[in-house]
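None of the figures in this text is laboratory data; all of them are computed from the coordinates on show. The structure displayed is predicted, hence computed values, not measured ones. In this analysis, Cβ positions are derived from the backbone assuming ideal geometry, glycine residues included, and neighbour counts consider all displayed protein chains.
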Amino acid sequence: MTWQDEALRRCLTWQNSRYGMQQEETGKGMEEKQINELLVEGRNPVTEALRAGKPVDRVYILDGCKDGPVMTIKREAGKRNVQIKYVEKERLDRMSETGRHQGVIASVAAYEYGTVEDILRLAREKGEPPFIILLDNIEDPHNLGAIIRTANLAGAHGVIIPKNRAVGLTAVVARTSAGALNYTPVARVANLTKTIEQLKDEGLWFVCADMDGTRMYDLNMKGPIGLVIGNEGTGVGRLVKEKCDMVAAIPMKGEIDSLNASVAAGVLAYEIVRQRLW
């Protein structure tokens, strides 16, 4: 099959699809200094937060603690695929705002996560080919917030982030997004490469940012597209990059050879906007 045939197949798939994807439930948090406005402390409050279905990102438990209430918390967290991190008492003490953490602290997302289906539905409602920004392990909440803001302004239908080794929707992210979180769904998935494969079946093409790629002006990024931006230090991971159809390089004229992740996302997002308009 030629690439032209594959392009036609994906476009027809996107046009005819009912977007029947299911989003995987997820949860992951950031370090204590980045989530200290979003903490639930104590065994009963954490248990109830989990049972009530609150968007718990991560549960911090005193290392070595195995009594009944803590085992209940571990069980409830396991049911909801919430990550557990075992830490020393000194760390819990530093994180605690109340001083009464009882060996357990949970970090809770500032906003509810959306789903991949929410993102695709938004594209359908607008009558537009899907435009999605996927982030491969972005760790800085300011970068995530700025990218969500750019996604909204560039007309992207949503942002997808991975469950592990990445920042979640903290208060810092919410503030940096300047309100964009109210309008742009952010979905969290357990496996980014699997999600890309599923979205390819829905007709999307994928382009990732990498300085060794093809000049972005020479790529065709029209139609249903997923833009992948990598980690601030290491870029797009190998497995994710292998799933992408194109690799885009941003022309650079200076003495340094890299851009901030949110800036790179903005540059490439608006090249996609330019191509869609013209």
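Express the C-alpha Rg of segment 160-201 as a ratio against the empirical globular expectation 2.2 N^0.38 Å, rounded to two decimals. Please report the intermediate quantities before stating the final value.
Details: Rg = 12.1 Å, N = 42, 2.2 N^0.38 = 9.1 Å.
In units of the globular-protein estimate, segment 160-201 measures up at 1.33.
What are the residues whose amide H is under 5 Å from the amide H of W205, where those residues sit 5 or more places off or on another chain and H is modelled from the backbone?
Answer set, sorted by chain and number: I225, G226.
Could you please state, rounded to a whole Å, how far the C-alpha centre of segment 176-195 is from the C-alpha centre of segment 126-159?
Each part reduced to its Cα centre gives a spacing of 7 Å.
With a cut-off of at most 12 other beta carbons within 10 Å, and DSSP calling the residue loop, which GluC sites (Glu not before Pro) in segment 92-130 qualify? Please list them. Spell out each step's value before the answer.
Details: sites: E97, E112, E117, E125; in loops: E97, E112.
Taking segment 92-130 and a limit of 12 other Cβ atoms within 10 Å, the loop GluC sites (Glu not before Pro) found are E97, E112.
Using the alpha-carbon atoms, what tilt in degrees (0 to 90, nearest 10) does helix 3-16 show relative to the longest principal axis of the chain?
The angle comes out at about 60 degrees.
Along the principal axes of its C-alpha atoms, what lengths does the chain span, in descending order and rounded to whole Å?
Principal-axis extents of the chain (Cα, largest first): 61, 47, 32 Å.
With angles folded into 0 to 90 degrees, how steeply does helix 68-79 sit against the dominant principal axis of the chain? Use alpha carbons for both and round to 10.
10 degrees
Rounded, prolate or oblate: which fits segment 112-277 when a ≥ b ≥ c are the square roots of the eigenvalues of the alpha-carbon gyration tensor, with rounded for a/c under 1.5 and prolate only if a/b beats b/c?
rounded
Going by alpha carbons, how many degrees (0 to 90, nearest 10) lie between the helix axis of 261-277 and the longest principal axis of the chain?
On a 0 to 90 degree scale, this one is about 40.
For segment 212-278, report the translational diffusion coefficient in µm²/s to the nearest whole number, using Stokes-Einstein at 4 °C, 1.567 mPa s, and a Kirkwood Rh over Cα pairs.
Details: Rh = 12.7 Å.
Result for D is 102 µm²/s.
Out of all Cα-Cα pairs in segment 165-235, roughly what percent, to the nearest whole number, are more than 17 Å apart? Show your work: numbers first, answer last.
On the way: 1487 of 2485 pairs.
Taking all Cα-Cα pairs of segment 165-235, the fraction more than 17 Å apart is 60 percent.
Any lysines with Cα under 21 Å of the K222 Cα? List them, leaving off those in the same chain fewer than 8 positions away.
Answer for K222, where 21 Å is the Cα cut-off: K126, K200, K241, K243, listed by chain and number.
Could you please state, rounded to a whole Å, how far the C-alpha centre of segment 247-278 is from the C-alpha centre of segment 39-79?
42 Å
Grab every C-alpha pair in segment 39-108, bin the distances at 10 angstrom width from 0 up to the longest one, and report whole percents.
Pairs per bin, as whole percents: 23, 62, 15.
How would you classify segment 134-203 from its alpha-carbon gyration tensor, with a ≥ b ≥ c the square roots of the eigenvalues: rounded for a/c under 1.5, else prolate if a/b is greater than b/c, otherwise oblate?
Numbers: a/c = 2.53, a/b = 1.38, b/c = 1.83.
Here segment 134-203 falls in the oblate category.
Using DSSP, restrict attention to beta bridges with both residues in segment 39-108 and report what percent are antiparallel, rounded to the nearest 5.
Details: 8 of 13 bridges.
Taking every DSSP beta bridge with both residues in segment 39-108, the antiparallel ones total about 60 percent.
Under 10 Å, Cα contacts only: if you run a Gaussian network model on the chain, which one of V247, V263, V82 comes out with the highest mean-square fluctuation?
Of V247, V263, V82, the most mobile in the Gaussian network model is V263.
Summing -39500 (n - 2.57) over the DSSP H runs of n ≥ 4 in the chain and dividing by its residue number, what mean residue ellipticity at 222 nm do you reach, to the nearest 500 deg cm²/dmol? Don't skip to the answer; put the middle values down first.
Values: 11 runs with 109 residues, N = 278.
The per-residue figure over the chain is -11500 deg cm²/dmol.
Obtain the nm distance between the two label points defined at E232 and K194 by a simple spin-label model: each point lies 7 Å from its Cα along the Cα-to-C-beta direction.
Calculated label separation equals 2.9 nm.
Which net charge results for the neighbourhood of P185, defined as the other residues with beta-carbon distances under 11 angstrom from its beta-carbon, given Lys and Arg at +1 and Asp and Glu at -1?
Numbers: positive: R121, R188; negative: E112, E117, D118.
Residues near P185 contribute -1 overall.
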